[in-house]
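Have a look at the structure below, then the notes.
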Amino acid sequence: MNEPGNFNQRVYHIVAAIPEGRVTTYGEVARLAGSPRAARQVGGVLRRLPEGSRLPWHRVVNRHGGISLQGEDFQRQRQALLSEGILFGPDSAIDLSRFGWKG
DNA sequence: ACCGTGACCCTCG
DNA sequence: ACGAGGGCCACGG
């Protein structure tokens, strides 16, 4: 079991399954992938997505419901989420109890 | 096979 | 309640 590159594949699969208009966290993806302590790695996978990937990477946020990207990438993710009807609170964070995958 | 890296998260003061 | 500090661990070079 657990062949090389499996983590990547699992992450792809899980992220691809996040419904439009919903978000989940790096930690949750890591848990679903079977490596609860590899939240950081999830970010690593998404960072190196092949250009032109159709994976909805923007639906993954940090545990506070905030965007972990910086500068231009921050704006791109924010825009993508807004265009799906996801709202940001006064603290610039998404209410996970409302827009989280499980809801 | 080792080593740096980091789109995170938990634990303590 | 909150911030700094450090552990974590799969990946690529």
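The values are calculated or read from the model by the stated rules, or taken from the named source; none is laboratory data. Every value quoted in this text rests on a predicted model; they were computed, and no experiment measured them. All Cβ positions, glycine included, derive from the backbone under ideal geometry; neighbour counts span all protein chains shown. Protein only, heavy atoms only, side chains kept; ligands, DNA and RNA dropped before computing areas. Shrake-Rupley method; radii C 1.70, N 1.55, O 1.52, S 1.80 Å.
Per residue, segment A:6-99 exposes an accessible area of 62 Å² to a 1.4 Å probe, with every protein chain left in place. Comparing A:P56, A:P90, A:P36 in a Gaussian network model of chain A, where Cα atoms under 10 Å apart are tied by springs, the biggest mean-square fluctuation is seen for A:P90. Other residues lying with their Cβ under 10 Å from the Cβ of A:G27 contribute a combined charge of +3, Lys and Arg counting +1, Asp and Glu -1.
Label positions at A:H13 and A:R48, each projected 7 Å from the Cα along the C-beta direction, are separated by 2.0 nm. Axis angle, to the nearest 10 degrees, between helix A:6-16 and the longest C-alpha principal axis of chain A: 30 degrees.
Surface composition of chain A: carbon and sulfur make up 47 percent of the accessible area, probe 1.4 Å.
For segment A:9-66, GluC sites (Glu not before Pro) are listed when DSSP marks them as loop and at most 14 other Cβ atoms sit within 10 Å of their Cβ; the list is A:E20, A:E51. With Cα atoms as the point set, chain A shows a radius of gyration and Dmax of 13.2, 45 Å. Here's how it looks for A:T25: its modeled amide H is under 5 Å from those of A:V61, which are all 5 or more places away or on a different chain.
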